[in-house]
Every structure is written in C-alpha cells, then in structure tokens.
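What follows is a short report on a single structure.
The values are calculated or read from the model by the stated rules, or taken from the named source; none is laboratory data. Model, not experiment: these values are computed from the prediction. Quick reminder, even Gly has a Cβ in these numbers, built from the backbone with ideal geometry, and neighbours come from all protein chains shown. To get the accessible areas, we keep the full protein, side chains included, count just its heavy atoms, and leave off ligands, DNA and RNA. Shrake-Rupley method; radii C 1.70, N 1.55, O 1.52, S 1.80 Å.
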Amino acid sequence: QVQLVQSGGGLVQTGGALKLSCAASGRTFGAYAMSWFRQGPGKEREFVGAIRWSGLSPEIHDSVKGRFTISKDNAKNTMYLQMNSLKLEDMATYYCAARLGDVRRDAAEYLYWGQGTQVTVSS
C-alpha cells in the first residue's frame, strides 16, 4: 500500500506560477512510477508528467513542456510539479498517482491516488 498526500495549488493569475507537492508513504520502496494527472470540468483525466521512483528520467506531456517541471526529493519521498507561465487551460484538479512498474500515461493503469488539489487560473 502507498499513501499519497498532496499539497499546494490555489488561485493564480495567468502567467503566474504554482508548485504542487505529493508526499508518498507506506510501502515506498520498489520500482514505483509517480505521475501527475489533471482533470478539467467536463474533461477526462489527462497525463501531465511522471518521474521514476529513483528521481530520474522525468517525462512531461507536450502540452506543458517548457512550462511545467517534475522533480522528486528522494529523502522526503516527495514529488513536485512546478508550474510556470500558467494559462487558463491549465485550470483543473491535479492528481498525483503511483504504480508499481514503469510510467504509463493512462490513468487506469494507476492504483494509488492523491486526494487532488485545485488549480484555478484567472485572467
């Protein structure tokens, strides 16, 4: 079992920045992949990016490449999503997720989920 607790998020103007955190606890060893997804109103949950448990080889979706960065503090078992130059279309509920194995971009492949955190972008 892995527990994921998210923090961060909130309200920001377009062009602003936010940083989300996802702290993992429980059976936090092994070859887990950790990912960020987001879900806007009336939309499906979509992949944002991911990182291996080692903290290496981060992936980022093309739609946010150059603006979002994923990192991981292995000592704290915490993954981060730094979001810069936020746009209105980035407004969504953001979720972190974990799975045993390699990164997958399909939300259905993930067993463990954080509680979600709202990111609101105003013009």
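Some points to look at:
- Members of region 29-53 found to be acidic (Asp, Glu) and in a loop (DSSP other than H, G, I, E, B), listed by number: Glu44
- Considering only residues in region 63-74 that are of a type in the set (Lys, Arg) and at pLDDT 95 or above, the one that is most open to solvent (accessible area, probe 1.4 Å) turns out to be Lys65.
- Of the residues making up region 4-16, those that are surrounded by 13 or more Cβ atoms within 10 Å (Cβ to Cβ) and modelled with pLDDT of 95 or more are Leu4, Val5, Gln6, Ser7, Gly8, Val12, Thr14, Gly16.
- Reported count of residues in region 75-99, each being surrounded by fewer than 23 Cβ atoms within 10 Å (Cβ to Cβ) and in a strand (DSSP E or B), is 6.
- Flag for Asp102 being open to solvent by 60 Å² or more (accessible area, probe 1.4 Å), acidic (Asp, Glu) and at pLDDT below 95: yes
- Every residue from region 64-98 that is in contact with a strand residue (DSSP E or B) (Cβ under 8 Å, 6 or more places away or on another chain) and among the polar types (S, T, N, Q): Thr69, Ser71, Asn77, Thr78, Gln82, Asn84, Thr93
- Identity of the residue in region 29-50, surrounded by 17 or more Cβ atoms within 10 Å (Cβ to Cβ) and under 11 Å from Asn77 (Cβ atoms), that ends up modelled with the lowest pLDDT: Tyr32
- From the list Leu4, Leu56, the lone residue that is assigned to a loop (DSSP other than H, G, I, E, B) and closer than 25 Å to Leu100 by Cβ is Leu56.
- Number of residues in region 31-45 that are of a type outside the set (A, V, I, L, M, F, W, C) and in contact with a strand residue (DSSP E or B) (Cβ under 6 Å, 6 or more places away or on another chain): the value is 6.
- For region 110-123, the candidate set comprises residues that are in contact with a Ser or Thr (Cβ under 9 Å, 6 or more places away or on another chain) and not in a strand (DSSP E or B); within that set, the residue that is farthest from Gly40 (Cα to Cα) is Tyr110.
- Within region 17-28, considering residues that are part of a strand (DSSP E or B) and either over 15 Å from Gln118 (Cα atoms) or open to solvent by 20 Å² or more (accessible area, probe 1.4 Å) (or both), the one modelled with the lowest pLDDT: Gly26
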